[in-house]
Amino acid sequence: MSIDLHMHSNFSDGALPPEDLVAICARNGVKLMSLTDHDTMAGAKSCRAAAEAAGIAFIPGIEISSQFAGTGIHVVGLGIDPESDGLTKFLSGTAGKRLKRGEEMDRKLAACGIHGALEGALGFADHATSLSRTHFALWLLESGHVKTYQEAFDKYLKPGRPAYARVEWPTVAESVRFIVSEGGTAVLAHPGRYEFSADWMRDALLDDFQKAGGLAIEVTSGSQSRVSDIVFAEKARERGFLASTGSDWHSERSPRPSPGMQPTIPKDLTPVWTRFGFPADFC
Ligand code: AMP
Ligand code: MN
Ligand code: MN
Ligand code: MN
């Protein structure tokens, strides 16, 4: 796919600065990209400049940590002004929440006999205001507490595991309404990845998202299964969602597809980039 509307730089939990990410996009033949760091648009300006220099069209984006029925949900906002006052206000508590959670995770890991995690994780965070579970996972791996990056999540960091600490993120409806109020387009990120205790909750999430003004869902994502891609293409048809797509790329060490290498979206769906003046067949 020559369009990729979901990826991360080192302004959140990605490995590379925006300029290097753009270089990979250029190498992969990406024609339109969005940088969607978690809860920050601090990389948007340098990413846009690098993309424009490389002849790649750019839509500013963000991936907002949110919650629905106690489950963490990611809402992508496309087409938001990275310098808006509303954005600064909306994100004002985020860095503090991440640091406070980091301290709680540090205590929880210490209770498991693992010491120095906060300091270690901060060592992996190029921008400390975006301290992420990813940085804890990288430190747990480097310090030999786990054998693989994935094991860090499975053993310690995901919900239900001993070092998991909850954050009161905005609700999905709040995130969507914020994106809409900024003139952006709200996209439900990797809908196939959420673990609900019952199937109907998945539909309840789609209802809630759509009712708040959510317009698009990621029909193909590098971070969900191919079965999910098919399921959510069908959901998009049933509910009239626009289709988005992204690799959700973070780093070279991940087995996920490289930027632009996620599967293409079915031709019968209306792509989300038509909202930004690009033709449906731009890919
Ligand atoms: P945070 O925003 O700090 O809670 O970190 C969330 C990030 O951790 C996600 O964006 C993924 O990059 C990664 N992540 C979350 N859950 C998992 C998981 N179960 N397995 C692997 N990576 C995960
Ligand atoms: Mn991430
Ligand atoms: Mn995500
Ligand atoms: Mn992501």
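Residues in segment 130-140: is at least one over 18 Å from HIS38 (Cα atoms), free of Cβ contacts under 8 Å to residues at least 24 places away in the same chain and surrounded by fewer than 22 Cβ atoms within 10 Å (Cβ to Cβ)?
No; the residues of segment 130-140 include none that is over 18 Å from HIS38 (Cα atoms), free of Cβ contacts under 8 Å to residues at least 24 places away in the same chain and surrounded by fewer than 22 Cβ atoms within 10 Å (Cβ to Cβ).
Of all residues in segment 26-52, how many are out of contact with any Ser or Thr (no Cβ under 9 Å at 6 or more places or on another chain), away from ligand 4 (no atom under 15 Å from the Cβ) and in contact (Cβ under 8 Å) with a residue 60 or more places away in the chain?
Total satisfying the criteria: 0.
The rows are residues; the columns are (1) under 29 Å from ILE230 (Cα atoms); (2) within 15 Å of ligand 3 (Cβ to nearest atom).
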| position | (1), (2) |
| --- | --- |
| THR134 | yes, yes |
| TRP139 | no, no |
| GLY144 | no, no |
| GLN150 | yes, no |
| ALA165 | no, no |
| VAL187 | yes, yes |
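Six or more apart or on different chains, Cβ atoms under 9 Å: show the pairs whose first residue is in segment 84-102 and over 14 Å from ALA121 (Cβ atoms) and open to solvent by 70 Å² or more (accessible area, probe 1.4 Å) and whose second is within 16 Å of ligand 3 (Cβ to nearest atom) and of a type outside the set (Asp, Glu).
Note: pairs meeting the criteria are LYS97/SER65; LYS97/VAL167; LYS97/TRP169.
When the residues of segment 145-155 are narrowed to those that are of a type outside the set (A, V, I, L, M) and under 20 Å from PRO255 (Cβ atoms), which ends up farthest from the chain's Cα centre (by Cα)?
LYS147
Could you please tell me which pairs satisfy a Cβ distance under 8 Å, a separation of 6+ or placement on different chains, a first residue in segment 182-203 that is on the phi > 0 side of the Ramachandran plot and at pLDDT 95 or above, and a second residue that is of a type in the set (A, V, I, L, M, F, W, C) and open to solvent by less than 40 Å² (accessible area, probe 1.4 Å)?
Here the result reads GLY183/ILE80, each pair linking segment 182-203 to a residue that is of a type in the set (A, V, I, L, M, F, W, C) and open to solvent by less than 40 Å² (accessible area, probe 1.4 Å).
Exactly one condition in (1) within 16 Å of ligand 3 (Cβ to nearest atom); (2) acidic (Asp, Glu); (3) over 21 Å from the mean Cα position of the chain (by Cα) is not met by GLU195; state its number.
With (1) within 16 Å of ligand 3 (Cβ to nearest atom); (2) acidic (Asp, Glu); (3) over 21 Å from the mean Cα position of the chain (by Cα) applied to GLU195, the lone miss is (3).
For segment 15-31, state whether one or more residues are farther than 22 Å from ARG133 by Cα, open to solvent by less than 20 Å² (accessible area, probe 1.4 Å), in contact with a strand residue (DSSP E or B) (Cβ under 6 Å, 6 or more places away or on another chain) and of a type in the set (A, V, I, L, M, F, W, C).
Within segment 15-31, one or more residues are farther than 22 Å from ARG133 by Cα, open to solvent by less than 20 Å² (accessible area, probe 1.4 Å), in contact with a strand residue (DSSP E or B) (Cβ under 6 Å, 6 or more places away or on another chain) and of a type in the set (A, V, I, L, M, F, W, C).
Where in segment 89-160 are there helices (runs of 4 or more DSSP H), lying fully within it, with 3 or more residues that are of a type in the set (A, V, I, L, M, F, W, C) and closer than 18 Å to THR40 by Cβ?
Hits in segment 89-160: 117-124.
If a residue must be part of a helix (DSSP H, G or I) and not small (Gly, Ala, Ser), how many such residues does segment 1-39 contain?
Counting residues in segment 1-39 that are part of a helix (DSSP H, G or I) and not small (Gly, Ala, Ser) gives 8.
Looking for something at pLDDT below 95 and either within 16 Å of ligand 3 (Cβ to nearest atom) or assigned to a loop (DSSP other than H, G, I, E, B) (or both) - is there at least one such residue anywhere in segment 275-283?
Yes, the conditions are met somewhere in segment 275-283.
The values are calculated or read from the model by the stated rules, or taken from the named source; none is laboratory data. On a predicted model such as this, the values are computed, not experimentally measured, just so you know. We place every Cβ from the backbone using ideal geometry, glycine too, and count neighbours over all the protein chains shown. We work out accessible area using only protein heavy atoms, side chains counted, and drop any ligands, DNA or RNA first. Shrake-Rupley method; radii C 1.70, N 1.55, O 1.52, S 1.80 Å.
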